[in-house]
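The structure appears below as structure tokens.
Where a number appears in this text, it was derived from the coordinates with a stated rule and is not lab data. The model shown is predicted, which means the values in this text are computed figures rather than measured ones. Cβ placement follows ideal geometry from the backbone for every residue including glycine, while neighbour counts extend to all protein chains displayed.
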Amino acid sequence: MDFFATCAAGFEPLLADELRSLHVGQVRPLHGQVSFAGSVADAYRVCLWSRIASRVVAVLARVGARDADELYAGASAIAWEDQLPARTSIAVDAHGTNAALRNTQFTALRTKDAIADRIAEQTGRRLATDTAHPDLRIVVRLSRERAVIGVDLAGEPLFRRGPAIPLRPDYAAAMLAAGGWYRNCRTEAPALVALGTGAPTLVEEARAQVADRAPGLLRQRWGFERWGLHDENAWADLLAEADDRAEAGQARADSAVLIDASQPDTALPDRLHGTPALIACDLSWLHLDDAAREAAELGRVRTALASIDPSSLVTLARAGMAGIAVGAPTLDAHVFIGSDEGTLRSYDLAAAPAGSPAPTAAGSVTVPDAASHGIAPSNDASASIAAAAVKLKDGRDVPVLLPQSEQFARRLEKVWRLRRKWARREGVGCYRVYDADLPDYAVAVDYFTPSELLDERDYGGTGGGPWATVAEYAAPKDVDPALARQRLLDALAISAPVLGVAPGDVSLRVRTRAKGGSQYASDRPDQRKDTRKPLTLPRGAHLVDEGGLTFEVNFGGGLDYGLFLDTRDVRARIREMAKQTAGSKRFLNLFAYTGSATVYAADGGAKHTTTVDLSRPYLEWARRNMGRNGFAGDAHEYVQADVLAWVAEQRHTANRWDLIYLDPPTFSNSSRMRAASFDIQRDHAELLIGVSRLLTRAGVCVFCCNLRGFVPDEAALAKAGVALEDITAQTIPDDFARNKKIHHCYLVHRV
């Protein structure tokens, strides 16, 4: 009979090798599957012993499928009365489409109709169906104008052989196969060091292979048990053989050295020294914004390489993450497809001495996710784990990819020491530490102290911290992307220990200019109302203090975390202006983001505030910021609207404000805006004229802009009776003194 075993895309060569080791014939790798031929017993052996296959399908027929009628005719010709015993329920799974059969559900339904009609005609009984838990699954795979129809012998996927775990067992088995673990199993004391979240799965899979224990030995249910061609005797013989092999192999498993090094403090035993070992590193759990953890993992791999004598290294990582190379040839590379694309790579550590230059590996993977972040795909092997480490002033060693990263460490230690003293003296809890001080290490490092005014655990938070963010400035086009990535990873690895932040509490902002900045003194926190109980922290959010107020920040996603640190002094000025405002004391915040300026204005005595933004999540964030600082009720309104259209509408009403804060984006082309796009340089005059008409006669607008080369059109503004007063120099905080153009700030008056 003909069969095929399915697998994760990219694992076909590994599965083909595994099938050959199981002594089946005519093995042929295809896309996402490997076909083979043999007896029913051969297929059972694959079900029982394959660690990489997902399903095993017995091919019943290959039929024409130019349209639904031809598929129906071909399926009707199969002797289903022989395949399906009485009272056997089925479900039909269809895969693939063609010009006539574009819907897999329709394909499955048409095939099911053919089976039901054949069963009724030949036996007179009604076909039983159960889409959720069928006795037997029928598989239909379309390819152009042909279809393969078969029976799924496994039932449930073969990789479901235990409780849910971070790394699927078939991925762990593929890693071990790529790393040549089968060779280690033949030695007296097989040794494995597993790193990453998937380490427990890797260790368990490795132990099972050393013990010669079939992965399907304890499985309770199989699809073929309700198959009309099931060979009970052949299956019983295979189970008995597997039991004998597992019993005989247990002693070998006891001699194996299998280290789960998923925890940072895991110590490697002395007996690994001089012992050929496989290092398996699972980085598949890391996403692009987890580069801080990636840097830590790369450092741990480098430490493992230096402390033992491994024979090979295998890594599983999402594409877009920096690959791992160790100055040794890449033995093989496979692409896997889950929610993202990635690579499975193995390296022959015995082929090159430590510290030798990293060679060029064949091939690279283009990843949509990486492209969307502006990162060009790079050759994984171009990044190398050098035998280098930076020694910090406190004596700790930090493994790095580039020896020259020591200059970044020295600079960061120096500015951290000075900035920390300044922050303590000024009462600042969130501030910029490093801002591209060294041209080669073009990153911005910000530091955040947990709130002392409010306990975030009262809102469902973890109460952790401190936290740090590392924002990467866009590198010039002539800089090698792989080299830039190495520098970024080293900056992340060094920043955590220097700033005293746990690696998991360092977040990354990739390929964007940080808007950064935050500081001020305290102001009457005891006079605020207690509105904490109805407020909760969203997942990943934390509380920090600024200017005697408390704000929610979130490092879990997006390019911004909720508090622009560079406008800290602008917010302080708004509070003072609100205190001095007479009359109705009405405040308007346009393009409000998370409403931090509104909180300052309310703290300065604004009696009525209006917070306007196009984003509902940001408005809810602003509402929480206001509530935690004691400002709630009808006097504070939140408006979800296109600011440009809203300003135009308000000009025709009697609504006017004493103080307005305007911090528009540099550019926007949101589909929810009435205008096709907004460009601050092109459109600022029209915007400022419109906003000025919303001011009371003595009112003032504070206008902030982050376009570095911004030039106001003062002639057009003056013609419309609008005057600008440049106060930029008075609003740049000390921790942004290196970057005088981090923002522009003006006071806007009606003349």
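7 Å from Cα along Cα→Cβ at both GLN730 and ASP69: what's the point-to-point distance in nm?
8.5 nm
Could you calculate the FRET efficiency of ARG186 with ALA37 from 1/(1 + (r/R0)^6), where r is the beta carbon distance between them and R0 is 35 Å, rounded to 0.05?
Values: r = 29 Å, r/R0 = 0.83.
The value I calculate is 0.75.
Residue separation times 0.36 nm, minus the C-alpha to C-alpha distance between ARG102 and ASP458: what's the value?
Values: separation 356, 0.36 × 356 = 128.16 nm, distance 5.31 nm.
Computed gain between ARG102 and ASP458 is 122.9 nm.
Amide H neighbours of ASP2 under 5 Å, counting only residues 5+ apart in sequence or on other chains, H built in-plane at 1.01 Å?
Long-range HN contacts for ASP2: VAL59.
Calculate one ³J(HN,Hα) per residue across the range 576-583 by plugging θ = phi - 60° into the Karplus curve 6.51 cos²θ - 1.76 cosθ + 1.60, and present them in order as whole Hz with x for glycine and proline.
5, 5, 5, 5, 8, 6, 9, x
Gain in length, ARG396 to ARG144, computed as 0.36 nm per residue apart minus the alpha-carbon separation, to one decimal in nm?
Numbers: separation 252, 0.36 × 252 = 90.72 nm, distance 6.13 nm.
Extra length available between ARG396 and ARG144 comes to 84.6 nm.
Taking H placed 1.01 Å from N in the peptide plane, check which residues at least 5 places from ILE660 or on another chain put their amide H under 5 Å from its amide H.
LEU588, VAL700, CYS701, VAL702
Collect residues whose amide H, placed 1.01 Å from N in the peptide plane, falls under 5 Å from the amide H of THR129; neighbours closer than 5 in sequence don't count.
The answer is ILE90.
Just grab the label-to-label distance for GLU620 and SER677, each label 7 Å out from Cα along the Cβ direction, in nm (one decimal).
3.1 nm
Any idea what the relative contact order of the range 558-694 is, in percent, if you count C-alpha pairs under 8 Å spaced at least 6 apart?
On the way: 215 pairs, mean separation 32.7, N = 137.
Computed value for the range 558-694: 24 percent relative contact order.
Normalised by the residues of the range 115-212, what does the relative contact order come to in percent, with Cα pairs under 8 Å and at least six apart? Walk me through the numbers before you get to the answer.
Values: 71 pairs, mean separation 17.3, N = 98.
Normalised by residue count, the contact order of the range 115-212 is 18 percent.
In debye, nearest 20, what is the charge dipole magnitude of the range 42-139 about its Cα centre with +1 on Lys and Arg Cβ and -1 on Asp and Glu Cβ, if you could check?
320 debye
Which of the peptides 486-495, 404-413 is most tightly packed, and how do the rest follow, going by the mean number of other Cβ atoms within 10 Å of each residue?
Values: 486-495: 26.1, 404-413: 18.6.
Descending packing order for the listed peptides: 486-495, 404-413.
For the range 600-607, in order, what is each residue's ³J(HN,Hα) by Karplus, 6.51 cos²θ - 1.76 cosθ + 1.60 with θ = phi - 60°, in whole Hz (x at glycine and Pro)?
4, 5, 5, 5, x, x, 4, 7
Multiplying the sequence separation of ALA236 and ALA474 by 0.36 nm and subtracting their Cα-Cα distance, what value in nm do you get? Don't skip to the end; give the middle numbers.
Working: separation 238, 0.36 × 238 = 85.68 nm, distance 6.30 nm.
Separation in residues times 0.36 nm, less the Cα-Cα distance, equals 79.4 nm.
Provide the per-residue ³J(HN,Hα) series for the range 436-450, in order, calculated from phi with Karplus coefficients 6.51, -1.76, 1.60 and θ = phi - 60°, each as a whole number of Hz, with x at glycine and proline positions.
6, 4, 9, x, 6, 10, 7, 10, 10, 10, 10, 10, 10, 8, x
Less than 15 Å from a label point 7 Å out along the Cα-to-Cβ axis of ASP117: which backbone N atoms in the range 79-101 qualify, by residue?
79-80
Measuring from label point to label point, each 7 Å out along Cα→Cβ, what is the ASP243 to HIS95 span in nm?
3.4 nm
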